[in-house]
Amino acid sequence: MARRDPADVVTGDLKLYDSAGVRSGIAQVEVTGLLEVGGLLPALSLALDCLWDQRSLGFDMLMVTDIVAASSRIMMSGAPAVLEELPVARSADGTLEAPGLASRKKQALPVVLALLEG
């Protein structure tokens, strides 16, 4: 991931959703260790903000998933307040730590949609 352009990371595996009047995007990138993410956070955050703005999304999310540990770090841009209720730990760097979260479709999406439709 370190060698990829941050814009490619946030759009490479991007799925768009419409729910409760909110158009959102959830991207996922797989890595073999979450340690490599730390130094890339500023560039990824900027790329995520650009995606949010360019596609006129209500919010967007990037899941960086450690496929070995089946765990993710999540970054969001433009997130509505209701997503503060996501059952994940917040890190000092602004990311969300989600141990055991590896599937966007089966694990993350149902929780996000339930909160939006709340």
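The values are calculated or read from the model by the stated rules, or taken from the named source; none is laboratory data. Note that this is a predicted model, so its numbers are computed, not measured. Don't worry about glycine lacking a Cβ; one is built from the backbone with ideal geometry, like all the others, and counts go over all protein chains shown. Accessible surface areas use protein heavy atoms only, side chains included; no ligands, DNA or RNA. Shrake-Rupley method; radii C 1.70, N 1.55, O 1.52, S 1.80 Å.
Taking the mean number of other Cβ atoms within 10 Å as a proxy for protection, how do you rank 71-80, 27-36 from highest to lowest?
Packing order, densest peptide first, comes out as 71-80, 27-36.
By its C-alpha gyration tensor, with a ≥ b ≥ c as the square roots of the eigenvalues, how is the stretch 19-75 shaped: rounded for a/c under 1.5, else prolate for a/b larger than b/c, else oblate?
Oblate shape, in that a/c is at least 1.5 and b/c is the bigger or equal ratio.
Along the stretch 77-82, what does the Karplus equation 6.51 cos²θ - 1.76 cosθ + 1.60 (θ = phi - 60°) give for ³J(HN,Hα), rounded to whole Hz, x for Gly and Pro?
10, x, 5, x, 4, 4
Would you mind checking which residues have amide H under 5 Å from T95's amide H? H placed 1.01 Å from N; only 5 or more apart, or other chain.
Excluding prolines and chain starts, which carry no amide H, there are no hits.
Using each residue's phi in the stretch 84-101, evaluate 6.51 cos²θ - 1.76 cosθ + 1.60 at θ = phi - 60° and report the 3J(HN,Hα) Karplus result to the nearest Hz, with x for Gly and Pro.
Karplus-based 3J(HN,Hα) across the stretch 84-101 equals 5, 7, 4, x, 9, 8, 9, 8, 4, 7, x, 7, 10, 9, 10, x, x, 9 Hz.
How long are the three semi-axes of the equivalent ellipsoid of the chain, in whole Å, if each is the root of 5 times an eigenvalue of the C-alpha gyration tensor, listed from largest down?
Over the Cα atoms of the chain, the semi-axes work out to 20, 17, 13 Å.
How large is the accessible surface per residue of the chain, computed with a 1.4 Å probe and reported in Å² as a whole number?
Ligands and nucleic acids excluded, the result is 53 Å² per residue.
Sum up the charges of everything whose Cβ sits under 11 Å from the Cβ of G38, counting Lys and Arg as +1 and Asp and Glu as -1, but leave G38 out.
-1
Taking H as built 1.01 Å from N, whose amide H comes closer than 5 Å to the amide H of D13, not counting residues under 5 places away?
Distant-sequence amide H within range of D13: Q28.
Springs between alpha-carbon pairs under 10 angstrom, Gaussian network model over the chain: which of A70, A89, A102 fluctuates most?
A89
Using the Cβ atoms and a cut-off under 15 Å, what net charge is assigned to the surroundings of K105, where Lys and Arg are +1 and Asp and Glu are -1?
Cβ neighbours under 15 Å give a net charge of +1.
Nearest 500 deg cm²/dmol is fine: what mean residue ellipticity at 222 nm does the chain get from its DSSP H runs of n ≥ 4 alone, each adding -39,500 (n - 2.57), divided by its residue count?
Rounded to the nearest 500, the figure is -7500 deg cm²/dmol.
What whole-number distance in Å separates the alpha-carbon centres of the stretch 15-32 and the stretch 63-104?
Measuring centre to centre over Cα atoms gives 13 Å.
Please turn the phi angles of the stretch 5-17 into ³J(HN,Hα) values with the Karplus equation 6.51 cos²θ - 1.76 cosθ + 1.60 (θ = phi - 60°), one per residue in order, whole Hz, x for glycine and proline.
5, x, 5, 5, 5, 7, 10, x, 10, 9, 10, 9, 9
Could you check how much of the accessible area of the stretch 10-94 is carbon and sulfur, as a whole percent, using a 1.4 Å probe?
Its accessible area is 54 percent carbon and sulfur atoms.
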